[in-house]
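Data block below; observations after.
The values are calculated or read from the model by the stated rules, or taken from the named source; none is laboratory data. Here the structure is a predicted model, which is why all the values come from computation and not from measurement. Here the Cβ positions follow ideal geometry from the backbone for every residue, glycine too, while neighbour counts run over all protein chains shown.
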């Protein structure tokens with residue numbers, strides 16, 4: 001069975017790392033610094049940062065004064081881009097199970113799962129790192 005929101009731990013960490021980098025875009029942050037801030041495994045975080053770097057979202061600077069920086073302005077990076085760099089394309093879930101068990105019967109949760117999935121997808125696509133760091137979030141109309 002999937003998690004209700006469908007975020008992997010890696011995607012959640014990636015989003016948090018990117019927000020930390022966006023809060024101080026000129027400050028190089030080391031893996032150990034980021035891991036300590038997020039109470040995360042530095043080994044796991046290194047793998048996430050490698051994927052973010054490969055996706056072109058962060059720059060890695062080697063050496064004693066090295067670390068990680070955003071590759072783009074926080075205004076240009078949506079939360080969806082970060083999510084997709086880790087977990088792949090967003091897709092709206094229709095069921096809590098990997099393989100639906102209702103066998104064409106009406107879902108016991110009605111339209112709740114696809115509705116929530118669409119709200120989350122809209123939120124991730126609409127909001128940027130800049131929006132998060134400046135608290136200018138766009139909340140989808142269907143939940144306000």
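For the reader, a short list of remarks on this structure follows.
- Within the stretch 119-132, being in a helix (DSSP H, G or I) and either touching a residue at least 40 places away in the same chain (Cβ under 8 Å) or over 15 Å from residue 84 (Cα atoms) (or both) holds for 119, 120, 121, 123, 124, 125, 126, 129, 130, 131, 132.
- Selection within the stretch 24-41 - in contact with a helix residue (DSSP H, G or I) (Cβ under 8 Å, 6 or more places away or on another chain), surrounded by 14 or more Cβ atoms within 10 Å (Cβ to Cβ) and part of a helix (DSSP H, G or I): 31, 34, 35, 38
- Residue count, the stretch 60-87 (criterion: loosely packed, with under 15 Cβ neighbours inside 10 Å and either in contact (Cβ under 8 Å) with a residue 24 or more places away in the chain or over 16 Å from residue 32 (Cα atoms) (or both)): 6
- Selection status of residue 134, at pLDDT below 95, surrounded by 12 or more Cβ atoms within 10 Å (Cβ to Cβ) and under 16 Å from residue 21 (Cβ atoms): yes
- Residue pairs meeting the criteria (Cβ under 9 Å; at least 6 apart or on separate chains; first over 20 Å from residue 121 (Cβ atoms), in the stretch 88-104; second surrounded by fewer than 12 Cβ atoms within 10 Å (Cβ to Cβ)): 102/108
- Some residue of the stretch 99-110 being assigned to a helix (DSSP H, G or I) and either over 29 Å from residue 54 (Cα atoms) or touching a helix residue (DSSP H, G or I) at 6+ places or on another chain (Cβ under 8 Å) (or both): no
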